[in-house]
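> This is the structure I have questions about; it appears just below.
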Amino acid sequence: MDAEKSSSSSFEDLSNLNEQERAELASSVPAPAEANEQPSTSDQTDKPESEAKATEESESECMDILGNGTLLKKVLKKGRSELRPESKDLVTVSYTGRLEDGTVVEEQSNAVVQIDDVEVVQGLDMALKLMNEGEVAEVIVNPRFAYGELGVKDPTEQDPVIRTVPPNATITYTVELVSMREESDIEARTYASRKEIGNRKRLRGNFWMKRQEYNLAIQSYRRALEYLDDTVSAGGMMESGSAGSVELSTAELQDLLEDRMKVYNNLALAQLKISAHEAALKSVDHVLKCQPNNAKALYRKGKILDAKGDTAGAITLLQKAATIDVDDKLIQSELSKLILKSKREARNERDLYQKMLGQAQKLEQKTKAPPAAQTTESSKIMMWGYLVGTILIGVVGVAMYRYNNP
């Protein structure tokens, strides 16, 4: 827990300043010249009034948490201690969220929230770390750190208390930080507790997935795995109880395995959405290692391989998935698309090969053309040579005849 006061709080800065002023005033007041000298009535009344005024003004000021006006916090009631929650601490909070027209869109009483696990909107999550235990504050959250451009159309199973929130809505929360405590060691928790918390975080990840907040979904899924995966040790899964460590039953082990597979499958999809292909492959391989015939995992891995450019490998996996779950129309549809894509790629590859072959043949003809032209030219030269030679021979023959027969 952080027992120090935040330096960004206007109220706390003014409080420290008043204490310092009082200390300086007390040390700087000279000793009275006469024993019966008494402070004036105005001195006695002005000081408490000024302090009360300073305190009132400081409490009415807003803390600009991010420095850009998108997340504001104002103290309505001071906390009973200076302790503040840290990351992963568990806090009990009661809050009400209202639109600018006063419509209540979100309300919780004594809800347990884990800091930095995005179990509430981001703006409220950040503001909770700047509240003291017992404090009541008003937190104004910009749409960017609330429900954004999508808003909330209908309540869900994970968040039944959320009403309809319009797109780009600024929400004002009235929040009370009732209590807080540190997170206990996961290994020390019971099987039922780990399962309940792990699945709650999985469902929160599903909430962010539906909103296309893939990074927040990944964060929730990873936290879920910390609760669902850390239950396995080298000697097998054991549960601590009053009677000592008790080995879990086969049914409990299988139930927990199913929960982990759900998380890994969804984690792979979220990672695929942000093009983290290698991480997605590792996640889906966790599933296929334990459940090689998991149709959903085969489908997800096929999608990942397709995104990496391995269409043939993707088709093989989807064909296997289609034989396992013959009624899944999504798998059938995706498989048909991949087969058409494969045929198109093969045709394009063939056309490219033919084009390259045609260019090679033209190039070969061009390289053979100069020798042919050279041969024709040589032939012409040889013909002229023969002709000139014949004429010379004839002239020489006539000259010799005349010389021998004068």
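The values are calculated or read from the model by the stated rules, or taken from the named source; none is laboratory data. These numbers come from a predicted model, not from an experiment. Note: ideal-geometry Cβ built from the backbone for every residue, glycine included; neighbour counts use all protein chains shown. To get the accessible areas, we keep the full protein, side chains included, count just its heavy atoms, and leave off ligands, DNA and RNA. Shrake-Rupley method; radii C 1.70, N 1.55, O 1.52, S 1.80 Å.
> Can you tell me which residue among Val75, Val93 is at pLDDT 95 or above, part of a strand (DSSP E or B) and within 28 Å of Ile186 (Cα to Cα)?
Being at pLDDT 95 or above, part of a strand (DSSP E or B) and within 28 Å of Ile186 (Cα to Cα) holds for just one of Val75, Val93, which is Val93.
> I've got another one for you. Quick check on this structure: which one of Glu135, Glu119, Glu106 is of a type outside the set (Ser, Thr, Tyr) and open to solvent by 20 Å² or more (accessible area, probe 1.4 Å)?
Answer to the check: Glu119.
> In segment 174-213, which residue that is part of a helix (DSSP H, G or I) and open to solvent by 50 Å² or more (accessible area, probe 1.4 Å) is farthest from Asp116 (Cα to Cα)?
Out of the qualifying residues, it is Ala192.
> A further question follows. Give segment 287-336 a look and list any residue that's among the charged types (D, E, K, R) and farther than 30 Å from Asp229 by Cα, or say none.
Asp310, Asp327, Lys329, Glu334
> I need a count of the residues in segment 270-300 that are in contact (Cβ under 8 Å) with a residue 60 or more places away in the chain and crowded, with 22+ Cβ neighbours inside 10 Å.
1
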